[in-house]
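Please read through the structure below; I'll follow up with questions.
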Amino acid sequence: MPTSTDRKINLAFAGGLAALAITAVGAFAGMARLAGDGERVRHSFEVRARLRVLDTELREAKSNVRSFLLTGDSSYVVRYLDTADSAETEYRALRALTADNAGQQSRLDSLHPLLEERIRSLSMTAAEGPVSEGRLPPRLPGRLAVGERLSQRVTASIGTLDSVERALLLRRTAAEHETEVAVRMVVIALAVLGVGLAGAMYRSIRGDLARRTSAEEALRESEAKFAGILAIAADAIITVDAAQRIVHFNQGAEQIFGYPEHEIVGQPLDRLIPARFAAVHRGYVDDFARSPEMSRRMGHRRQVSGVRSNGEEFPAEASISKLTTPRGILFTVVLRDVTEQTRLERNEQLLSEAGRRLVATLDYDEVLRVAAQLPVPQLGDWCIVDVVERAADERISIRRVASRHQEPEVERALRAIEAHGLHEDSPSRVLDVLRTGMQELVADVSDDWIEAHTEDDQIAAVRPLATRSLLMVPLVSGARTMGVLSIGTGPARPPLDATDLALAGALASRVGLAIENARNFQLARRATAARDEVLSVVSHDLRNPLSAVTMYARVLLDHPPAEVSERRALYRSVLDAAAWMHRLMQDLLDAASIESGRLSVEKEPQPVGPLVERSVQMFEARAAEAGVRLSLAVAPDTPDVDADGARILQVLGNLLGNALKYTPAGGTITAGAEPQGDEVLLWVRDTGAGIAAQHLPHLFDRFWHMRGASRTRGSGLGLAIARGIVAAHGGRIWVESTVGEGSTFRFTLPRRNAPPRTG
């Protein structure tokens with residue numbers, strides 16, 4: 001509907017046209033009247049001019065006749081005749097010109113006989129012939145008198161006609177002037193009226209335009225504010241037409257989708273939607289267009305997926321509205337990237353799941369398997385858990401557990417990496433995280449990075465993982481770093497970021513606690529087993545020597561032998577049983593000290609050769625009784641060590657004692673030593689039956705016995721104590737054995753002034 005200003009403009013335009021039309025009509029009528037008046041004035045001027053010509057022609061005719069009479073020149077007659085004809089012609093012209101004036105017509109009718117009479121009179125005078133010798137023709141004077149009277153009458157009649165035309169001319173000239181003045185007045189009046197109306201309309205329209213301008217400025221300001229709000233909105237605001245082509249794309253949309261506005265405007269909306277959802281989404285928009293709803297409020301939001309310019313999909317929440325315009329329907333979509341919200345929900349779910357699964361078991365191996373599988377696939381495509389463990393020989397090692405994977409090639413790669421493990425000289429960054437306890441994030445894992453931080457023989461195994469990004473977080477228990485949790489993603493995922501690193505840290509803290517709990521549970525079980533073993537030793541191993549002491553004492557008290565030698569034998573048996581109990585109790589005390597970390601070791605410079613020789617001398621008598629040969633093999637360049645001599649003799653004594661137990665008569669036992677880098681290697685080799693492979697992992701466990709192979713039974717603590725003493729010196733101990741050929745127990749000690757050993 002037209003506005004008030006529009007109506008005023010239309011009225012002003014119509015009024016202007018009407019005024020122009022009236023002015024034009026009035027001017028045209030006035031000009032037509034003025035032209036008519038002017039024509040009548042010119043007509044009167046022409047009638048008067050012809051009356052004068054007629055009068056002149058008559059006078060000319062009269063003059064020509066008189067000239068002929070006086071001169072006799074016949075040419076005057078000819079001129080007279082022409083003049084007479086001309087007079088007749090002028091008369092007829094006058095007759096035609098005065099057709100609009102009946103009075104003049106009547107006067108001309110009365111003039112015509114006089115004209116004819118005058119012409120005849122002149123013709124008759126000319127017929128008299130010229131004057132000869134001063135003598136006039138007899139009738140000439142009378143004719144001249146008649147002609148003169150006719151001439152006067154004609155002149156008077158023409159004068160009358162001229163007077164009438166002069167009066168008519170004055171009236172017509174006055175009428176022409178009046179018409180001109182009237183036309184001017186009408187034009188001026190209409191012009192003044194038009195100017196007045198135009199001024200009034202101008203003021204009114206100008207006021208309306210000022211108000212409209214103010215309203216438009218307010219509207220523009222409002223639109224600018226709205227556009228500014230749209231521009232800076234963090235949400236994506238996208239408008240599409242009925243064909244679902246993008247017509248508006250705000251800054252929030254640019255930031256979320258990664259497209260600049262000029263590149264995406266005019267493109268189909270499908271470009272921002274995963275291809276698998278495009279058809280369904282078009283149908284949804286078409287259905288919404290046909291529905292009576294004008295918008296879907298926030299409560300009706302639907303979670304959808306978007307596609308960024310780099311092809312990455314992301315979760316989103318969207319609401320839609322529609323607006324019908326003269327150019328067609330427009331849809332406006334407000335879309336919010338909920339990646340972070342989804343990630344937080346996923347993180348909470350992951351941590352909750354981790355807590356549930358990690359507390360479901362106290363089995364150490366199961367905890368490691370669960371820890372390796374938890375981050376997959378929510379956080380990464382694969383996960384590896386590296387934990388520091390102390391082997392039976394007190395040597396530190398790193399155990400590696402990898403997650404499972406459904407792709408066979410990746411699964412084989414993970415199993416190969418798991419089997420290879422880590423050692424102290426590996427270039428892996430896992431060791432740096434283990435040493436420093438600092439998290440590390442590698443957002444872009446390049447081939448150069450892999451080659452720089454992977455052992456050469458493992459590069460081929462690592463490549464099938466196609467790792468795009470990697471994070472490593474320490475597994476911490478108290479102030480001690482017990483391992484590292486490594487998580488990697490492939491090319492199909494976005495790279496890991498600081499948020500993922502924080503989540504991995506939270507997960508690692510739970511995993512570290514679970515591992516520590518599992519280890520403590522293992523230690524508790526071991527302590528329980530140790531307690532049971534101690535009770536068994538106390539109840540069984542101490543019972544035999546105690547029974548012997550009791551029996552020998554009773555014999556000596558109740559029935560002492562008469563022979564001194566027999567009594568001395570009983571006394572010696574009591575002392576042997578007491579020594580047996582003392583050794584057993586000392587072993588228990590040493591085992592308890594080692595277990596609690598309070599084993600007393602007083603180091604001082606010690607030559608290795610004399611220690612080995614003394615240990616062999618301690619067992620020479622027993623070896624001779626058993627028919628076993630003892631030998632020494634100490635290299636002459638063997639350096640001194642920093643050690644507690646008594647404790648090293650205890651280790652060698654335990655090893656030599658075990659060798660004597662398991663070496664048959666005729667066998668050989670060799671004790672030796674030699675330098676080995678910054679260490680000294682000591683060993684005890686026997687030619688006994690050897691140890692089966694399945695027993696080797698348990699040799700250094702407390703209270704463990706290899707049943708049926710020994711001639712005597714001990715406490716089962718000797719090798720465990722030996723391992724503890726060697727570890728307290730910073731060395732390591734191990735065994736090499738072949739069934740049927742014998743065994744070799746080796747241990748190392750740091751040489752004197754050697755740098756401390758790491759690892």
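Can you work out which of the residues in the range 82-98 that are among the aliphatic types (A, V, I, L, M) and under 14 Å from R50 (Cα atoms) is most open to solvent (accessible area, probe 1.4 Å)?
Here is the first cut: in the range 82-98, the ones among the aliphatic types (A, V, I, L, M) are 84, 87, 93-94, 96-97.
Of the ones still in play, those that are also under 14 Å from R50 (Cα atoms) are 87, 93-94, 96-97.
Working: A87: 6, A93: 25, L94: 1, A96: 71, L97: 30 Å².
Taking the candidates together, the pick is A96.
Name the residues in the range 292-318 that are more than 26 Å from R493 (Cβ to Cβ), of a type outside the set (K, R) and either open to solvent by 60 Å² or more (accessible area, probe 1.4 Å) or at pLDDT 85 or above (or both), would you?
Answer for the range 292-318, where residues must be more than 26 Å from R493 (Cβ to Cβ), of a type outside the set (K, R) and either open to solvent by 60 Å² or more (accessible area, probe 1.4 Å) or at pLDDT 85 or above (or both): P292, E293, M294, M298, G299, H300.
Residues A27, A21: which one is open to solvent by less than 80 Å² (accessible area, probe 1.4 Å), modelled with pLDDT under 75 and more than 19 Å from L114 (Cα to Cα)?
Working: A21 fails: modelled with pLDDT under 75.
Exactly one residue qualifies, and that residue is A27.
Take the residues of the range 396-408 that are at pLDDT below 85 and open to solvent by 70 Å² or more (accessible area, probe 1.4 Å): which is nearest to the chain's Cα centre (by Cα)?
Q406
Can you find, within the range 332-363, the residue that is nearest to the chain's Cα centre (by Cα) among those that are among the β-branched types (V, I, T) and farther than 17 Å from L496 by Cβ?
In this case the residue turns out to be V338.
Which of the residues that make up the range 120-131 are open to solvent by less than 40 Å² (accessible area, probe 1.4 Å) and either closer than 14 Å to L81 by Cβ or part of a helix (DSSP H, G or I) (or both)?
Matches in the range 120-131: S121, L122, T125, A126.
Return yes when A754 is of a type in the set (A, V, I, L, M), surrounded by 14 or more Cβ atoms within 10 Å (Cβ to Cβ) and at pLDDT 85 or above and no when it is not.
Values: of a type in the set (A, V, I, L, M): yes; surrounded by 14 or more Cβ atoms within 10 Å (Cβ to Cβ): yes; at pLDDT 85 or above: no.
The answer is no for A754.
Residues being outside any helix (DSSP H, G or I) and closer than 14 Å to V247 by Cβ: count how many of those fall in the range 260-275.
As a first pass, look at the range 260-275 and keep what is outside any helix (DSSP H, G or I): 260, 265-268, 273-274.
Applying the additional criterion that residues be closer than 14 Å to V247 by Cβ yields 265-268.
Summing the residues that are outside any helix (DSSP H, G or I) and closer than 14 Å to V247 by Cβ in the range 260-275 gives 4.
If V445 satisfies every condition in (1) surrounded by 18 or more Cβ atoms within 10 Å (Cβ to Cβ); (2) not in a loop (DSSP other than H, G, I, E, B) but one, which is the exception?
(2)
Among residues belonging to the range 604-641 that are farther than 21 Å from Q676 by Cβ and among the small types (G, A, S), point out the one that is least open to solvent (accessible area, probe 1.4 Å).
A623
How many residues are assigned to a helix (DSSP H, G or I) and under 34 Å from the mean Cα position of the chain (by Cα) if we restrict to the range 409-431?
Initial filter on the range 409-431 (assigned to a helix (DSSP H, G or I)): 409-420, 429-431.
Those left that are additionally under 34 Å from the mean Cα position of the chain (by Cα): 409-411, 413-414, 429-430.
So the count comes out to 7.
Here's a follow-up. Of the residues A278, A289, only one is under 21 Å from D241 (Cβ atoms), among the aliphatic types (A, V, I, L, M), assigned to a helix (DSSP H, G or I) and touching a helix residue (DSSP H, G or I) at 6+ places or on another chain (Cβ under 8 Å); which? Break it down stepwise before answering.
Numbers: A289 fails: touching a helix residue (DSSP H, G or I) at 6+ places or on another chain (Cβ under 8 Å).
On inspection, the qualifying residue turns out to be A278.
Can you name the residue in the range 249-276 that is open to solvent by less than 80 Å² (accessible area, probe 1.4 Å), in contact (Cβ under 8 Å) with a residue 24 or more places away in the chain and not aliphatic (A, V, I, L, M) and is also farthest from R308 (Cα to Cα) among such residues?
Here the answer is P268.
Tell me which of these L681 doesn't satisfy, since it passes every other one: (1) over 24 Å from G740 (Cβ atoms); (2) in a loop (DSSP other than H, G, I, E, B); (3) touching a strand residue (DSSP E or B) at 6+ places or on another chain (Cβ under 7 Å).
(2)
Would you please name the residue that is nearest to the chain's Cα centre (by Cα), looking only at residues in the range 504-519 that are of a type outside the set (V, I, T), open to solvent by less than 10 Å² (accessible area, probe 1.4 Å) and closer than 15 Å to I487 by Cα?
The residue in question is A504.
Follow-up question, since we're still on this one. Could you tell me whether Q694 is open to solvent by 70 Å² or more (accessible area, probe 1.4 Å) and under 23 Å from R732 (Cβ atoms)? Spell out the reasoning first.
Details: open to solvent by 70 Å² or more (accessible area, probe 1.4 Å): yes; under 23 Å from R732 (Cβ atoms): yes.
Yes; evaluated as a whole, the condition is true for this residue.
Among the residues of the range 320-374, write down those that are basic (K, R) and open to solvent by 40 Å² or more (accessible area, probe 1.4 Å).
Initially, the range 320-374 is screened for residues basic (K, R), giving 322, 327, 336, 343, 346, 356-357, 369.
Result: R327, R336, R346, R356, R357, R369.
Since E440 meets every condition but one in (1) surrounded by fewer than 20 Cβ atoms within 10 Å (Cβ to Cβ); (2) more than 12 Å from S486 (Cβ to Cβ), which condition does it not meet?
Unmet condition: (2).
Here's a follow-up. Which members of the range 88-109 meet the condition of being touching a Ser or Thr at 6+ places or on another chain (Cβ under 7 Å) and among the polar types (S, T, N, Q)?
At the first step, the residues of the range 88-109 found to be touching a Ser or Thr at 6+ places or on another chain (Cβ under 7 Å) are 104-105, 107-108.
Answer for the range 88-109, where residues must be touching a Ser or Thr at 6+ places or on another chain (Cβ under 7 Å) and among the polar types (S, T, N, Q): Q104, Q105.
The values are calculated or read from the model by the stated rules, or taken from the named source; none is laboratory data. Just so you know, these numbers come straight off a predicted model, no measurement behind them. Quick reminder, even Gly has a Cβ in these numbers, built from the backbone with ideal geometry, and neighbours come from all protein chains shown. Just the protein is used for accessible areas: all its heavy atoms, side chains included, with ligands, DNA and RNA removed. Shrake-Rupley method; radii C 1.70, N 1.55, O 1.52, S 1.80 Å.
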